[in-house]
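Chemist: Got a structure for you, written out below as C-alpha coordinates; questions coming shortly.
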Amino acid sequence: MAAEATAPVRELFTDVGLFVLGSEVSIEEFINRFFDSLFPLVYNHLINPGLTDIALDYAECTRMARRDLNPFGNIPKLAVGQIGRSLLPSRVFLQALNLGIEVINTTDHLQYTKECNRALLKMQYCPHCQSLTQSKPCMGYCLNVVRGCLASMAEIDAHWREYIKSLEELSNGMHGTHDIEQVLLNLHSLVNDAVMYAQINGPKLSVQVNKACGHPNRKPGSSGDQLEDSKRYLTLKAPQQESEETLASRRKEFINSLRLYRTFYGGLADQLCVSELAAADGVSCWNGADVVKSYTLRVVGNGINAQSGNPEVKVKGTDPVINQIIDKLKHVNQLLQGKSIPKYGSLDMIETGSGDLLDQISGDCDDEDGCAGSGSGEVKTETKISKWIPDKMNIDIKRTQQTEDGEILDTSGTEITVKTNLVTFNLINVATLLLSLW
(Lines give C-alpha, C1' and ligand atoms only; values in the text may rest on other atoms or scores of the structure.)
Protein backbone atom coordinates (compact mmCIF):
# COMPACT_ATOMS: atom_id res chain seq x y z
CA MET A 1 0.00 0.00 0.00
CA ALA A 2 2.91 2.35 0.70
CA ALA A 3 4.01 2.31 -2.94
CA GLU A 4 0.50 3.12 -4.14
CA ALA A 5 0.20 5.92 -1.57
CA THR A 6 3.36 7.66 -2.81
CA ALA A 7 1.52 9.94 -5.22
CA PRO A 8 -1.10 11.20 -2.69
CA VAL A 9 1.62 11.77 -0.07
CA ARG A 10 3.76 13.68 -2.57
CA GLU A 11 0.76 15.78 -3.59
CA LEU A 12 -0.04 16.55 0.07
CA PHE A 13 3.46 17.83 0.81
CA THR A 14 3.55 19.75 -2.46
CA ASP A 15 0.36 21.54 -1.40
CA VAL A 16 1.90 22.25 2.01
CA GLY A 17 4.91 23.81 0.31
CA LEU A 18 2.76 25.84 -2.07
CA PHE A 19 0.69 27.19 0.80
CA VAL A 20 3.77 28.27 2.78
CA LEU A 21 5.15 29.96 -0.33
CA GLY A 22 1.97 32.00 -0.75
CA SER A 23 -0.32 30.13 -3.13
CA GLU A 24 -4.05 30.49 -2.59
CA VAL A 25 -4.75 26.87 -1.77
CA SER A 26 -7.22 25.69 0.84
CA ILE A 27 -5.71 23.76 3.75
CA GLU A 28 -9.00 22.01 4.39
CA GLU A 29 -9.38 21.02 0.77
CA PHE A 30 -5.92 19.58 0.14
CA ILE A 31 -5.94 17.59 3.39
CA ASN A 32 -9.38 16.17 2.62
CA ARG A 33 -8.16 15.39 -0.89
CA PHE A 34 -5.31 13.37 0.62
CA PHE A 35 -7.69 11.31 2.77
CA ASP A 36 -10.00 10.89 -0.23
CA SER A 37 -7.11 9.33 -2.16
CA LEU A 38 -6.09 7.22 0.82
CA PHE A 39 -9.48 5.55 1.31
CA PRO A 40 -9.52 3.38 -1.88
CA LEU A 41 -6.09 2.00 -0.91
CA VAL A 42 -7.16 1.24 2.65
CA TYR A 43 -10.38 -0.33 1.42
CA ASN A 44 -8.61 -2.51 -1.15
CA HIS A 45 -5.69 -3.64 1.04
CA LEU A 46 -7.13 -3.78 4.56
CA ILE A 47 -10.92 -3.70 4.61
CA ASN A 48 -11.74 -5.84 1.59
CA PRO A 49 -8.50 -7.60 0.59
CA GLY A 50 -8.18 -10.07 -2.27
CA LEU A 51 -9.86 -7.82 -4.81
CA THR A 52 -8.79 -7.82 -8.41
CA ASP A 53 -7.30 -4.65 -9.75
CA ILE A 54 -10.45 -2.65 -9.36
CA ALA A 55 -11.60 -0.51 -12.27
CA LEU A 56 -10.83 3.17 -12.21
CA ASP A 57 -14.50 4.10 -12.02
CA TYR A 58 -14.98 1.90 -8.93
CA ALA A 59 -11.88 3.37 -7.27
CA GLU A 60 -13.18 6.85 -8.10
CA CYS A 61 -16.57 6.00 -6.61
CA THR A 62 -14.86 4.82 -3.42
CA ARG A 63 -12.78 7.98 -3.29
CA MET A 64 -15.79 10.25 -3.76
CA ALA A 65 -17.77 8.36 -1.12
CA ARG A 66 -15.14 8.95 1.57
CA ARG A 67 -16.54 12.21 2.89
CA ASP A 68 -20.06 10.79 3.21
CA LEU A 69 -18.93 7.49 4.75
CA ASN A 70 -16.44 9.15 7.13
CA PRO A 71 -14.23 6.03 7.34
CA PHE A 72 -11.43 7.83 9.20
CA GLY A 73 -13.61 9.31 11.92
CA ASN A 74 -12.49 12.68 13.27
CA ILE A 75 -8.86 12.28 12.11
CA PRO A 76 -9.08 14.39 8.91
CA LYS A 77 -10.66 17.18 10.94
CA LEU A 78 -7.82 16.97 13.47
CA ALA A 79 -5.26 17.03 10.67
CA VAL A 80 -6.81 20.18 9.20
CA GLY A 81 -6.60 21.91 12.58
CA GLN A 82 -3.06 20.83 13.44
CA ILE A 83 -1.51 21.43 10.02
CA GLY A 84 -3.36 24.71 9.53
CA ARG A 85 -2.25 25.94 12.93
CA SER A 86 1.39 25.36 12.04
CA LEU A 87 1.32 26.51 8.41
CA LEU A 88 -0.12 29.97 9.00
CA PRO A 89 2.73 31.35 11.17
CA SER A 90 5.29 29.83 8.80
CA ARG A 91 3.63 31.46 5.81
CA VAL A 92 3.51 34.90 7.46
CA PHE A 93 7.10 34.51 8.68
CA LEU A 94 8.33 33.67 5.19
CA GLN A 95 6.40 36.54 3.59
CA ALA A 96 7.85 38.91 6.19
CA LEU A 97 11.37 37.71 5.32
CA ASN A 98 10.72 38.42 1.66
CA LEU A 99 9.65 41.95 2.55
CA GLY A 100 12.80 42.38 4.65
CA ILE A 101 14.93 41.43 1.65
CA GLU A 102 12.99 43.91 -0.47
CA VAL A 103 13.71 46.69 2.07
CA ILE A 104 17.43 45.86 2.04
CA ASN A 105 17.68 45.66 -1.74
CA THR A 106 15.72 48.87 -2.27
CA THR A 107 17.72 50.96 0.18
CA ASP A 108 20.96 49.49 -1.11
CA HIS A 109 20.23 51.06 -4.53
CA LEU A 110 18.64 54.31 -3.35
CA GLN A 111 19.12 57.30 -5.66
CA TYR A 112 20.40 60.50 -4.07
CA THR A 113 19.26 64.07 -4.77
CA LYS A 114 21.28 66.61 -6.73
CA GLU A 115 21.92 68.54 -3.50
CA CYS A 116 23.31 65.39 -1.91
CA ASN A 117 25.47 64.61 -4.94
CA ARG A 118 26.97 68.11 -4.86
CA ALA A 119 27.65 67.88 -1.12
CA LEU A 120 29.31 64.49 -1.49
CA LEU A 121 31.45 65.73 -4.37
CA LYS A 122 32.50 68.77 -2.36
CA MET A 123 33.32 66.64 0.67
CA GLN A 124 35.21 63.87 -1.10
CA TYR A 125 36.90 65.43 -4.13
CA CYS A 126 37.18 69.22 -3.84
CA PRO A 127 40.30 69.00 -1.62
CA HIS A 128 41.98 67.09 -4.46
CA CYS A 129 41.85 70.28 -6.53
CA GLN A 130 44.13 71.85 -3.95
CA SER A 131 46.46 68.83 -3.93
CA LEU A 132 45.08 67.83 -0.52
CA THR A 133 44.66 64.19 -1.48
CA GLN A 134 45.38 62.85 2.01
CA SER A 135 42.97 65.11 3.90
CA LYS A 136 39.79 63.55 5.17
CA PRO A 137 36.57 65.44 6.03
CA CYS A 138 36.12 66.71 9.55
CA MET A 139 33.84 64.53 11.67
CA GLY A 140 31.12 67.17 12.11
CA TYR A 141 31.27 68.07 8.42
CA CYS A 142 30.97 64.42 7.40
CA LEU A 143 28.03 63.88 9.76
CA ASN A 144 26.15 66.84 8.33
CA VAL A 145 26.65 65.68 4.74
CA VAL A 146 25.92 62.00 5.26
CA ARG A 147 23.05 62.57 7.70
CA GLY A 148 21.55 64.92 5.12
CA CYS A 149 21.95 62.39 2.30
CA LEU A 150 20.57 59.54 4.44
CA ALA A 151 17.86 61.58 6.19
CA SER A 152 15.07 59.66 4.43
CA MET A 153 16.70 56.32 5.14
CA ALA A 154 16.96 57.19 8.83
CA GLU A 155 13.15 57.42 8.89
CA ILE A 156 13.06 53.64 8.39
CA ASP A 157 14.84 53.08 11.70
CA ALA A 158 11.88 52.84 14.09
CA HIS A 159 9.90 50.60 11.74
CA TRP A 160 12.93 48.38 11.02
CA ARG A 161 13.53 47.92 14.77
CA GLU A 162 9.88 47.02 15.24
CA TYR A 163 10.07 44.64 12.27
CA ILE A 164 12.99 42.70 13.76
CA LYS A 165 11.35 42.62 17.19
CA SER A 166 8.08 41.35 15.70
CA LEU A 167 9.89 38.68 13.67
CA GLU A 168 11.66 37.53 16.81
CA GLU A 169 8.43 37.34 18.80
CA LEU A 170 6.69 35.35 16.08
CA SER A 171 9.68 33.02 15.75
CA ASN A 172 9.74 32.42 19.52
CA GLY A 173 6.06 31.44 19.41
CA MET A 174 6.51 28.91 16.62
CA HIS A 175 6.83 25.83 18.80
CA GLY A 176 4.67 22.87 19.71
CA THR A 177 1.45 22.97 17.69
CA HIS A 178 2.73 26.05 15.85
CA ASP A 179 5.99 24.39 14.72
CA ILE A 180 5.53 23.28 11.11
CA GLU A 181 8.42 20.82 11.25
CA GLN A 182 7.21 19.01 14.37
CA VAL A 183 3.62 18.87 13.15
CA LEU A 184 4.61 17.41 9.77
CA LEU A 185 7.03 14.94 11.36
CA ASN A 186 4.16 13.69 13.54
CA LEU A 187 1.68 13.53 10.69
CA HIS A 188 2.36 9.81 10.34
CA SER A 189 0.69 9.20 13.73
CA LEU A 190 -2.53 10.84 12.57
CA VAL A 191 -2.51 8.81 9.35
CA ASN A 192 -1.83 5.67 11.36
CA ASP A 193 -4.80 6.42 13.64
CA ALA A 194 -7.00 7.06 10.62
CA VAL A 195 -6.07 3.74 8.99
CA MET A 196 -6.57 1.83 12.24
CA TYR A 197 -9.98 3.46 12.73
CA ALA A 198 -11.05 2.38 9.24
CA GLN A 199 -9.69 -1.12 9.78
CA ILE A 200 -11.57 -1.57 13.05
CA ASN A 201 -14.80 -0.48 11.38
CA GLY A 202 -14.04 -2.53 8.25
CA PRO A 203 -17.20 -4.71 8.13
CA LYS A 204 -19.51 -1.71 8.50
CA LEU A 205 -17.57 0.26 5.89
CA SER A 206 -17.64 -2.67 3.47
CA VAL A 207 -21.44 -2.77 3.61
CA GLN A 208 -21.64 1.01 3.13
CA VAL A 209 -19.27 0.94 0.14
CA ASN A 210 -21.26 -1.89 -1.44
CA LYS A 211 -24.41 0.19 -1.12
CA ALA A 212 -22.76 3.27 -2.60
CA CYS A 213 -20.62 1.70 -5.33
CA GLY A 214 -21.82 -1.89 -5.82
CA HIS A 215 -19.93 -5.15 -5.32
CA PRO A 216 -16.34 -5.39 -6.57
CA ASN A 217 -14.93 -8.56 -8.09
CA ARG A 218 -12.86 -10.98 -6.00
CA LYS A 219 -9.41 -12.14 -6.94
CA PRO A 220 -9.71 -15.85 -7.93
CA GLY A 221 -8.12 -18.27 -5.47
CA SER A 222 -7.44 -15.69 -2.79
CA SER A 223 -5.63 -17.33 0.08
CA GLY A 224 -6.47 -17.16 3.75
CA ASP A 225 -3.00 -15.78 4.36
CA GLN A 226 -4.04 -12.60 2.62
CA LEU A 227 -7.08 -12.29 4.82
CA GLU A 228 -5.04 -13.08 7.89
CA ASP A 229 -2.42 -10.50 6.95
CA SER A 230 -5.12 -7.93 6.42
CA LYS A 231 -6.25 -8.26 10.03
CA ARG A 232 -2.93 -7.04 11.33
CA TYR A 233 -3.04 -3.42 12.25
CA LEU A 234 -0.89 -1.21 10.11
CA THR A 235 1.66 0.79 12.08
CA LEU A 236 3.46 3.69 10.42
CA LYS A 237 6.90 4.42 11.78
CA ALA A 238 8.18 7.89 12.56
CA PRO A 239 10.67 9.20 10.01
CA GLN A 240 14.28 9.15 11.09
CA GLN A 241 15.99 12.51 11.32
CA GLU A 242 19.53 12.41 10.01
CA SER A 243 20.66 15.33 12.13
CA GLU A 244 19.69 17.01 15.38
CA GLU A 245 19.57 20.30 13.49
CA THR A 246 15.98 21.50 13.12
CA LEU A 247 14.21 24.28 11.30
CA ALA A 248 13.59 25.90 14.68
CA SER A 249 17.31 25.94 15.48
CA ARG A 250 18.13 27.44 12.08
CA ARG A 251 15.42 30.04 12.56
CA LYS A 252 16.82 30.93 15.98
CA GLU A 253 20.29 31.25 14.50
CA PHE A 254 18.95 33.56 11.81
CA ILE A 255 17.06 35.76 14.30
CA ASN A 256 20.21 36.08 16.43
CA SER A 257 22.13 37.25 13.35
CA LEU A 258 19.36 39.65 12.34
CA ARG A 259 19.25 41.19 15.82
CA LEU A 260 22.76 42.55 15.25
CA TYR A 261 21.35 44.81 12.51
CA ARG A 262 18.34 46.25 14.33
CA THR A 263 20.01 49.71 14.53
CA PHE A 264 21.36 49.54 10.97
CA TYR A 265 19.30 52.35 9.43
CA GLY A 266 19.35 54.68 12.42
CA GLY A 267 23.11 54.50 12.91
CA LEU A 268 24.24 54.13 9.30
CA ALA A 269 25.38 57.74 8.78
CA ASP A 270 27.38 57.79 12.01
CA GLN A 271 28.90 54.40 11.27
CA LEU A 272 30.05 55.51 7.83
CA CYS A 273 31.72 58.68 9.08
CA VAL A 274 33.32 57.10 12.14
CA SER A 275 34.63 53.95 10.46
CA GLU A 276 35.22 55.04 6.87
CA LEU A 277 35.02 58.65 5.79
CA ALA A 278 35.98 61.21 8.45
CA ALA A 279 39.29 62.16 10.00
CA ALA A 280 40.06 61.06 13.54
CA ASP A 281 39.77 63.55 16.42
CA GLY A 282 42.73 65.88 16.75
CA VAL A 283 43.79 65.47 13.11
CA SER A 284 43.63 68.35 10.64
CA CYS A 285 40.61 67.88 8.39
CA TRP A 286 38.70 69.27 5.40
CA ASN A 287 35.70 71.48 6.29
CA GLY A 288 34.49 72.02 2.72
CA ALA A 289 36.65 75.06 2.07
CA ASP A 290 40.04 74.47 3.67
CA VAL A 291 42.04 72.21 5.95
CA VAL A 292 41.36 73.21 9.55
CA LYS A 293 41.92 71.90 13.05
CA SER A 294 38.21 71.42 13.75
CA TYR A 295 34.75 71.89 12.25
CA THR A 296 32.94 74.84 13.81
CA LEU A 297 29.46 74.78 12.25
CA ARG A 298 26.40 73.24 13.87
CA VAL A 299 26.08 69.43 13.59
CA VAL A 300 22.49 68.27 13.00
CA GLY A 301 20.88 65.00 14.09
CA ASN A 302 19.50 62.07 12.10
CA GLY A 303 16.17 62.06 10.27
CA ILE A 304 14.14 64.48 8.16
CA ASN A 305 13.02 66.78 10.98
CA ALA A 306 16.59 67.45 12.08
CA GLN A 307 17.73 68.66 8.66
CA SER A 308 16.14 72.12 8.65
CA GLY A 309 19.32 73.60 10.10
CA ASN A 310 21.81 71.50 8.11
CA PRO A 311 24.49 73.93 6.81
CA GLU A 312 25.80 71.49 4.17
CA VAL A 313 22.79 69.78 2.51
CA LYS A 314 19.28 71.01 1.76
CA VAL A 315 16.76 68.23 2.42
CA LYS A 316 13.29 68.87 0.97
CA GLY A 317 11.39 65.85 2.25
CA THR A 318 11.20 62.08 2.48
CA ASP A 319 12.04 60.08 -0.63
CA PRO A 320 8.83 58.60 -2.18
CA VAL A 321 10.48 55.19 -2.44
CA ILE A 322 11.32 55.32 1.27
CA ASN A 323 7.70 56.26 2.02
CA GLN A 324 6.55 53.13 0.20
CA ILE A 325 9.03 51.00 2.12
CA ILE A 326 7.88 52.48 5.42
CA ASP A 327 4.23 51.81 4.54
CA LYS A 328 5.08 48.18 3.79
CA LEU A 329 6.99 47.81 7.05
CA LYS A 330 4.08 49.30 8.99
CA HIS A 331 1.72 46.84 7.35
CA VAL A 332 3.84 43.76 7.91
CA ASN A 333 4.50 44.79 11.52
CA GLN A 334 0.76 44.92 12.14
CA LEU A 335 0.43 41.46 10.62
CA LEU A 336 3.29 40.02 12.66
CA GLN A 337 1.86 41.48 15.84
CA GLY A 338 -1.64 40.18 15.11
CA LYS A 339 -3.21 43.64 14.80
CA SER A 340 -4.41 42.93 11.25
CA ILE A 341 -4.39 39.14 11.26
CA PRO A 342 -7.79 37.64 10.43
CA LYS A 343 -9.07 34.94 12.72
CA TYR A 344 -8.10 31.40 11.91
CA GLY A 345 -10.07 30.02 9.01
CA SER A 346 -11.23 33.17 7.20
CA LEU A 347 -8.02 34.73 6.00
CA ASP A 348 -9.43 36.19 2.81
CA MET A 349 -10.93 39.04 4.85
CA ILE A 350 -8.66 41.37 6.78
CA GLU A 351 -10.00 41.96 10.26
CA THR A 352 -8.69 44.16 13.05
CA GLY A 353 -7.92 42.28 16.21
CA SER A 354 -5.60 42.36 19.18
CA GLY A 355 -2.92 40.13 20.59
CA ASP A 356 -0.15 38.34 18.75
CA LEU A 357 -0.33 36.34 15.56
CA LEU A 358 -0.36 32.94 17.24
CA ASP A 359 -3.33 33.91 19.41
CA GLN A 360 -5.19 35.27 16.41
CA ILE A 361 -4.83 32.10 14.34
CA SER A 362 -5.66 29.72 17.17
CA GLY A 363 -9.38 30.28 16.75
CA ASP A 364 -12.19 29.05 18.94
CA CYS A 365 -12.75 25.32 19.25
CA ASP A 366 -14.11 22.77 21.65
CA ASP A 367 -13.22 19.25 22.72
CA GLU A 368 -15.21 17.79 19.85
CA ASP A 369 -12.83 19.47 17.42
CA GLY A 370 -9.91 17.78 19.09
CA CYS A 371 -8.57 20.97 20.68
CA ALA A 372 -8.15 19.57 24.16
CA GLY A 373 -4.53 18.76 24.82
CA SER A 374 -3.41 19.16 21.22
CA GLY A 375 -4.27 22.75 20.37
CA SER A 376 -5.73 21.74 17.04
CA GLY A 377 -8.75 23.35 15.44
CA GLU A 378 -10.79 23.29 12.30
CA VAL A 379 -10.58 25.29 9.13
CA LYS A 380 -14.02 25.94 7.66
CA THR A 381 -13.30 28.27 4.78
CA GLU A 382 -10.73 28.57 2.05
CA THR A 383 -7.48 30.05 3.29
CA LYS A 384 -6.09 33.04 1.40
CA ILE A 385 -3.28 35.29 2.54
CA SER A 386 -2.24 36.91 -0.71
CA LYS A 387 -3.75 40.22 0.43
CA TRP A 388 -1.63 40.33 3.57
CA ILE A 389 1.52 41.54 1.88
CA PRO A 390 1.36 44.52 -0.51
CA ASP A 391 2.42 44.02 -4.11
CA LYS A 392 6.14 44.23 -4.73
CA MET A 393 7.38 47.54 -6.05
CA ASN A 394 8.91 47.82 -9.48
CA ILE A 395 11.95 50.00 -8.96
CA ASP A 396 14.36 50.96 -11.72
CA ILE A 397 17.93 50.58 -10.49
CA LYS A 398 20.49 53.00 -11.93
CA ARG A 399 23.75 51.52 -13.18
CA THR A 400 26.82 52.98 -11.49
CA GLN A 401 30.56 52.49 -11.39
CA GLN A 402 32.48 51.97 -8.16
CA THR A 403 35.99 53.27 -7.50
CA GLU A 404 38.65 51.49 -5.49
CA ASP A 405 37.85 53.65 -2.47
CA GLY A 406 34.23 52.51 -2.41
CA GLU A 407 32.69 55.68 -3.87
CA ILE A 408 30.23 55.44 -6.75
CA LEU A 409 30.21 58.02 -9.52
CA ASP A 410 28.26 58.32 -12.71
CA THR A 411 27.92 60.85 -15.53
CA SER A 412 24.45 62.00 -14.56
CA GLY A 413 25.47 63.06 -11.05
CA THR A 414 27.84 62.16 -8.28
CA GLU A 415 26.79 59.33 -5.98
CA ILE A 416 28.47 57.53 -3.15
CA THR A 417 28.15 54.05 -1.82
CA VAL A 418 30.64 53.48 0.94
CA LYS A 419 31.78 50.17 2.27
CA THR A 420 28.48 48.96 3.63
CA ASN A 421 28.12 46.30 0.94
CA LEU A 422 29.56 43.66 3.25
CA VAL A 423 27.03 44.50 5.97
CA THR A 424 24.05 44.39 3.62
CA PHE A 425 25.39 41.29 1.89
CA ASN A 426 25.67 39.45 5.21
CA LEU A 427 22.13 40.45 6.13
CA ILE A 428 20.72 39.32 2.79
CA ASN A 429 22.81 36.16 2.94
CA VAL A 430 21.42 34.93 6.28
CA ALA A 431 17.88 35.70 5.14
CA THR A 432 18.37 33.87 1.87
CA LEU A 433 19.86 30.89 3.70
CA LEU A 434 16.77 30.54 5.85
CA LEU A 435 14.46 30.95 2.86
CA SER A 436 16.27 28.09 1.13
CA LEU A 437 15.27 25.72 3.93
CA TRP A 438 11.54 25.91 3.13
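Chemist: Mind checking which residues of the stretch 281-325 are β-branched (Val, Ile, Thr) and in contact with a helix residue (DSSP H, G or I) (Cβ under 7 Å, 6 or more places away or on another chain)?
Modeler: Selection gives VAL299, VAL300, ILE304, VAL313, VAL315, THR318, VAL321, ILE322, ILE325.
Chemist: Something else now. Filter the stretch 297-339 down to residues that are under 24 Å from THR106 (Cα atoms), assigned to a helix (DSSP H, G or I) and not β-branched (Val, Ile, Thr), then give me how many there are.
Modeler: 15
Chemist: Check LYS136 against each of (1) more than 30 Å from LEU205 (Cβ to Cβ); (2) under 40 Å from the mean Cα position of the chain (by Cα) and name the one condition it does not meet.
Modeler: Answer for LYS136: the failing condition is (2).
Chemist: In a loop (DSSP other than H, G, I, E, B) and either open to solvent by less than 20 Å² (accessible area, probe 1.4 Å) or in contact with a helix residue (DSSP H, G or I) (Cβ under 9 Å, 6 or more places away or on another chain) (or both): which single residue out of PRO76, PRO40, PRO49 fits that description?
Modeler: Within the list PRO76, PRO40, PRO49, the selection yields PRO49.
Chemist: Just to be sure before I move on: is SER230 farther than 30 Å from ILE164 by Cβ, in contact with a Pro (Cβ under 9 Å, 6 or more places away or on another chain) and at pLDDT below 90 in the structure I sent?
Modeler: For SER230, the condition - farther than 30 Å from ILE164 by Cβ, in contact with a Pro (Cβ under 9 Å, 6 or more places away or on another chain) and at pLDDT below 90 - is met.
Chemist: Still on this model: Could we say that ILE255 is over 21 Å from GLY148 (Cα atoms) and of a type in the set (A, V, I, L, M) here?
Modeler: Criteria met by ILE255.
Chemist: GLN95 - would you say it is within 30 Å of ALA248 (Cβ to Cβ) and out of contact with any strand residue (DSSP E or B) (no Cβ under 6 Å at 6 or more places or on another chain)?
Modeler: Yes: the conditions hold for GLN95.
Chemist: Quickly run through the stretch 1-24 and pick out the residues that are surrounded by fewer than 14 Cβ atoms within 10 Å (Cβ to Cβ), among the charged types (D, E, K, R) and not in a helix (DSSP H, G or I).
Modeler: Once the filter is applied, which keeps residues that are surrounded by fewer than 14 Cβ atoms within 10 Å (Cβ to Cβ), among the charged types (D, E, K, R) and not in a helix (DSSP H, G or I), the stretch 1-24 yields only GLU4.
Chemist: Could you tell me whether the stretch 153-170 includes any residue that is outside any loop (DSSP other than H, G, I, E, B), among the hydrophobic types (A, V, I, L, M, F, W, C), open to solvent by 30 Å² or more (accessible area, probe 1.4 Å) and under 30 Å from LEU336 (Cα atoms)?
Modeler: Within the stretch 153-170, one or more residues are outside any loop (DSSP other than H, G, I, E, B), among the hydrophobic types (A, V, I, L, M, F, W, C), open to solvent by 30 Å² or more (accessible area, probe 1.4 Å) and under 30 Å from LEU336 (Cα atoms).
Chemist: Kindly provide the set of residues from the stretch 298-329 that are open to solvent by 40 Å² or more (accessible area, probe 1.4 Å) and either of a type in the set (Gly, Ala, Ser) or over 19 Å from LEU150 (Cα atoms) (or both), ordered by number.
Modeler: SER308
Chemist: Which of the residues that make up the stretch 268-288 are assigned to a loop (DSSP other than H, G, I, E, B) and open to solvent by less than 70 Å² (accessible area, probe 1.4 Å)?
Modeler: Result: ALA278, ALA279, ALA280, SER284, ASN287, GLY288.
The values are calculated or read from the model by the stated rules, or taken from the named source; none is laboratory data. Please read all numbers here as calculations on a predicted model, not as lab measurements. With ideal geometry, Cβ positions are generated from the backbone for all residues, glycine too; neighbour counts draw on all protein chains shown. The protein model used for the area step is the full one, side chains on, heavy atoms only, and it has no ligands, DNA or RNA in it. Shrake-Rupley method; radii C 1.70, N 1.55, O 1.52, S 1.80 Å.
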